[in-house]
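Q: Take this structure, written in structure tokens, and hold onto it; I'll ask about it next.
Just so it is clear, none of the values below were taken in a lab; they were calculated from the coordinates. Small disclaimer: the values here were computed from a predicted structure and weren't measured. Here the Cβ is made from the backbone with ideal geometry for all residues, glycine too, and neighbour counts use every protein chain on show.
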Amino acid sequence: MSNIKEENLLHCGYCGKVLTNKTEIEYSRWLCEFYCNPDCAMSRYFEYCESRPFEEEFYKDYSIKVLPDGRLYKE
Ligand SMILES: [Zn+2]
């Protein structure tokens with residue numbers, strides 16, 4: 001094939017790697033993006049949803065109390 005346009009190649013929506021038919025491709029219908037593996041897809045999804053570990057220091061901001069047995073309670 002000649003006339004291949006570089007800009008028409010498919011790339012991973014997270015790391016930018018060029019995709020091939022040997023790539024373990026993930027596709028997001030929501031974001032309309034391809035990813036070169038489940039890890040890239042997961043990283044992108046976590047980023048998109050602004051996901052982060054929820055530490056004890058955030059409890060106050062979300063009105064969360066800890067019951068004596070450790071269960072979390074939202075006031
Ligand atoms: Zn990737």
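Q: At a Cα cut-off below 29 Å, give the lysines reachable from residue 65, other chains included and same-chain residues fewer than 8 away excluded.
A: Of all the lysines, those that pass the test against residue 65 - Cα under 29 Å, at least 8 places apart if same chain - are 74.
Q: A follow-up question, please. Considering Cα pairs under 8 angstrom that are at least six residues apart, work out the relative contact order of the chain and quote it in whole percent.
A: Across the chain, relative contact order equals 18 percent.
Q: Sorted from largest down, give the three principal axis spans of the alpha carbons of region 6-74, whole angstrom values.
A: Projected onto the principal axes, the Cα atoms of region 6-74 cover 59, 20, 19 Å.
Q: Next up: In degrees between 0 and 90, to the nearest 10, how far off the longest principal axis of the chain does helix 38-48 point, with axes built from Cα atoms?
A: It is inclined by approximately 60 degrees.
Q: Ok, one more. What number, rounded to the nearest 500 deg cm²/dmol, is the helix-based mean residue ellipticity at 222 nm of the chain, given -39500 (n - 2.57) per DSSP H run of at least four residues and division by all its residues?
A: When only DSSP H runs of four or more count, the value is -4500 deg cm²/dmol.
Q: Straight-line reach from residue 60: which aspartates and glutamates have Cα under 14 Å away, leaving out those fewer than 8 places along the same chain?
A: 75
Q: Okay, next question. Provide the net charge surrounding residue 54, with neighbours chosen by a C-beta distance below 14 Å and charges set as Lys +1, Arg +1, Asp -1, Glu -1.
A: -2
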